[in-house]
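Worksheet for the structure shown next.
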């Protein structure tokens with residue numbers, strides 16, 4: 001399907017394809033192969049009128065009727081042409097002296113009977129040897145492709161599906177999260193709230209979202225190649241301790257950031273932690289799925305919320321009472337998987353095992369009081385990676 005914007009730009013260019021323009025003006029715009037002839041035509045005709053007006057201002061102070069009508073039409077033609085280009089994403093600059101002269105002339109030009117050039121008229125400075133029109137070099141036209149991107153299902157949850165697609169404009173893969181069609185109004189509100197929360201978060205270890213479509217109940221987001229579960233499962237036999245530690249710290253830095261923003265995730269799990277991979281083995285851990293997030297500034301997350309979550313704290317009675325130490329419990333399960341690759345709590349008595357046990361202690365008072373305290377202990381874990389250790 002053709003791009004409507006391209007149709008508009010083509011028509012604007014074609015309008016001037018057959019216009020007679022002298023080489024004296026064409027040479028000023030040779031660098032613009034598409035609109036150079038249009039700019040040259042407008043420039044030449046403006047100069048002809050400005051020179052005539054300057055001449056009449058020194059003699060009769062009267063500008064002929066036909067010329068007045070032609071000049072009014074030309075000024076409007078220039079304004080319409082520049083406005084059309086702007087709407088198509090092309091910002092064109094007209095030198096201030098010419099823009100001002102056009103406005104001044106419109107103030108006294110008449111459609112019939114000729115126009116009286118006012119007393120005190122200042123001669124218009126004529127520009128002959130340099131362009132008066134220029135395409136702004138401080139802007140860029142963003143392509144808007146009319147191609148339809150094919151969606152590929154990459155994930156499915158209790159209330160939404162996630163697809164990937166290759167954006168035809170940028171050649172970059174993105175993801176789109178689409179709410180299920182049978183969701184209640186309350187869950188749709190929660191889905192939109194998830195987007196709004198993610199939109200205001202800006203941190204390397206939080207998945208980035210871009211645009212919400214209210215008609216389709218979906219939003220575009222950063223594409224990540226894997227969940228944390230799949231990433232570690234595929235590499236568990238070769239993943240070094242130092243790499244596991246770096247993954248654990250990225251995960252904890254992300255959780256600590258959202259806590260500092262007044263949020264509790266309330267659904268920390270191996271599925272809701274994503275991994276973005278790069279050439280050379282480097283990875284970025286990204287927290288996602290904020291559908292159950294508790295915002296201390298929002299009453300919506302505090303009441304009438306059923307108990308959900310993959311790693312639900314067994315001592316938690318009411319979801320509205322969910323607090324940092326309850327989040328620490330689910331964090332402990334994720335850390336255990338990061339360090340062992342097994343979906344069972346660590347039983348070892350080593351340092352990582354002690355950290356996990358403190359996270360998941362039955363007595364809530366024995367758990368870490370903040371993620372910052374937990375980060376301190378994980379950062380202190382001894383790690384001596386071999387020279388061939390892949391970065392994380």
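Any read-out appearing in this document is the output of simple, stated calculations on the displayed coordinates, not a laboratory observation. Bear in mind the structure is a predicted one, so any value in this text is a computation, not a measurement. Glycine also receives a Cβ, built like all others from the backbone with ideal geometry; neighbour counts cover every protein chain displayed.
Based solely on its DSSP helices, what 222 nm [θ] is calculated for the chain when runs of n ≥ 4 H residues each add -39,500 (n - 2.57) and the sum is averaged over all residues, nearest 500 deg cm²/dmol?
Values: 11 runs with 150 residues, N = 392.
Helix-only estimate at 222 nm: -12500 deg cm²/dmol.
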Q | Angle between the chain longest axis and helix 96-106 axis [Cα atoms, degrees, rounded to 10] | A | 60 degrees
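Could you calculate the FRET efficiency of residue 121 with residue 5 from 1/(1 + (r/R0)^6), where r is the beta carbon distance between them and R0 is 41 Å, rounded to 0.05? Numbers along the way, then the final one.
Numbers: r = 41 Å, r/R0 = 1.00.
Efficiency at R0 = 41 Å is approximately 0.50.
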Q) Using a basic spin-label model with each label point 7 Å from the Cα along Cα→Cβ, how many nm lie between residue 216 and residue 170? A) 1.6 nm
Q: Any chance you could get the radius of gyration and Dmax over the Cα atoms of segment 226-379, in Å?
A: 15.1, 47
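Under 1.5 on a/c is rounded, so check that first for segment 152-222, then, if it is not, pick prolate when a/b is larger than b/c and oblate when it is not; a ≥ b ≥ c are the square roots of the alpha carbon gyration tensor eigenvalues. Can you show the working numbers first?
On the way: a/c = 1.85, a/b = 1.28, b/c = 1.45.
Oblate, because a/c is 1.5 or more while a/b does not exceed b/c.
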Q. In whole Å, how far is the Cα centre of segment 153-207 from that of segment 230-263?
A. 22 Å
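Highest mean first, how do 87-94, 363-370 rank when packing is the count of other Cβ atoms within 10 Å averaged over residues?
Details: 87-94: 16.0, 363-370: 14.2.
Final packing ranking: 87-94, 363-370.
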Q) Helix 4-14 versus the longest principal axis of the chain: what angle, 0 to 90°, nearest 10, using Cα atoms? A) 20 degrees
**Q.** D (Stokes-Einstein, µm²/s), Kirkwood Cα radius, segment 136-291, 0.692 mPa s at 37 °C
**A.** 193 µm²/s
Q. What's the FRET efficiency of residue 73 with residue 13 using the Cβ-Cβ distance as r and R₀ = 22 Å, to the nearest 0.05?
A. 0.60
Q. Hey, in the GNM for the chain with a 10 angstrom Cα cutoff, which one of 77, 327, 379 fluctuates hardest?
A. 77
Q. Expressed as an acute angle from 0 to 90° and rounded to the nearest 10, what is the orientation of the C-alpha long axis of helix 185-200 relative to the principal long axis of the chain?
A. 70 degrees
(Q) Among (i) 26.4; (ii) 24.2; (iii) 21.4, only one was calculated for this model; which label is it, if the read-out is Kirkwood radius over Cα pairs in Å? (A) (i)
Q: Give me the number: length gained by fully extending residue 184 to residue 237, i.e. 0.36 nm times residue separation minus the C-alpha to C-alpha distance, one decimal in nm.
A: 14.7 nm
Q | All-pairs Cα distance distribution in segment 1-121, expressed in whole percent, bin size 5 Å | A | 2, 10, 19, 21, 17, 13, 9, 5, 2, 1, 0, 0
Q) Under a point spin-label approximation (7 Å from Cα along Cα-to-Cβ), what is the residue 345-residue 111 distance to one decimal in nm? A) 8.5 nm
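At a Förster distance of 45 Å, what's the computed FRET efficiency of residue 382 paired with residue 277, Cβ-Cβ distance as r, to 0.05? Each step should come with its number before you reach the end.
Values: r = 27 Å, r/R0 = 0.59.
For R0 = 45 Å, the calculated efficiency reads 0.95.
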